[in-house]
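The values are calculated or read from the model by the stated rules, or taken from the named source; none is laboratory data. All values reported here derive from a predicted model rather than from experimental measurement. Glycine also receives a Cβ, built like all others from the backbone with ideal geometry; neighbour counts cover every protein chain displayed. Side chains included, ligands, DNA and RNA excluded: accessible areas come from the protein's heavy atoms. Shrake-Rupley method; radii C 1.70, N 1.55, O 1.52, S 1.80 Å.
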Amino acid sequence: AQSVTQPDIHITVSEGASLELRCNYSYGATPYLFWYVQSPGQGLQLLLKYFSGDTLVQGIKGFEAEFKRSQSSFNLRKPSVHWSDAAEYFCVLNRDDKIIFGKGTRLHILP
Amino acid sequence: GAVVSQHPSWVICKSGTSVKIECRSLDFQATTMFWYRQFPKQSLMLMATSNEGSKATYEQGVEKDKFLINHASLTLSTLTVTSAHPEDSSFYICSARDSATGFSGYTFGSGTRLTVV
């Protein structure tokens, strides 16, 4: 079955600490993968996307993600989080009119 | 869990006609719904934020007279593409926020593929 799994509903990290948000997918072909961030009351904002090519993708706000086909993963990372990174993060698989959203990971930042 | 039903999943219409897309929260109340549009191999683009009982807030560049949004109840928001043209052909998707569960309660519809011929 086609799916996107974000196993962590909530994650709490201290400001300045590193961050990794997990995303696993199940799809029959090479997926197009996206990470979006949503702040309270706001719409989705694209952080980065992967279609093909270099498996390490750089995005905005200092985020990066690595596509690992062998692990069916597309984890989002940031070396040092800021208080403004507190938000909801969605991993999304999108290809051929199929769009599947992960349930989202709520990121909390400790001062 | 929270489910958002979006209907239709695909529609083909003639140029000049109007098309209505429904976004319905099946088992929760949604005071806020978002409408997005996506072109091939592009990211989702926010079109408007819909709040129950009030006028939708449109993003810059989105024609509110062309893309009519109605959020008349806590479980239903509709997007009507009026006088559709081929350039309106796109993938439209909605998301709804479960008011009871708070910020982490966003759920997405499965999308609508609109083709205008």
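At-a-glance table
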item	result
Hey, B:THR17 within 14 Å of another protein chain (Cβ to nearest Cβ) and open to solvent by less than 60 Å² (accessible area, probe 1.4 Å) or not	no
Filtered residues of the stretch B:43-81 (kept if open to solvent by less than 70 Å² (accessible area, probe 1.4 Å) and basic (Lys, Arg))	B:LYS66
Selected residue (criterion: most open to solvent (accessible area, probe 1.4 Å)) from residues of the stretch B:82-117 that are closer than 13 Å to B:VAL19 by Cα and assigned to a loop (DSSP other than H, G, I, E, B)	B:VAL117
Within the stretch A:68-91, tally of residues that are within 14 Å of chain B (Cβ to nearest Cβ), within 12 Å of A:ARG22 (Cα to Cα) and among the hydrophobic types (A, V, I, L, M, F, W, C)	2
Matching residues, the stretch A:58-75, being assigned to a strand (DSSP E or B) and either acidic (Asp, Glu) or at pLDDT below 95 (or both)	A:GLU64, A:GLU66
Close pairs (7 angstrom Cβ cut-off, 6 or more residues apart or separate chains): farther than 16 Å from A:TYR36 by Cβ in the stretch A:1-12, open to solvent by 40 Å² or more (accessible area, probe 1.4 Å) and of a type in the set (A, V, I, L, M) anywhere	A:THR12/A:LEU110
Of the criteria (1) at pLDDT 95 or above; (2) within 13 Å of chain B (Cβ to nearest Cβ); (3) surrounded by fewer than 13 Cβ atoms within 10 Å (Cβ to Cβ), which one A:ILE11 fails	(3)
B:SER50 closer than 30 Å to A:LEU33 by Cβ, within 14 Å of another protein chain (Cβ to nearest Cβ) and assigned to a strand (DSSP E or B)	yes
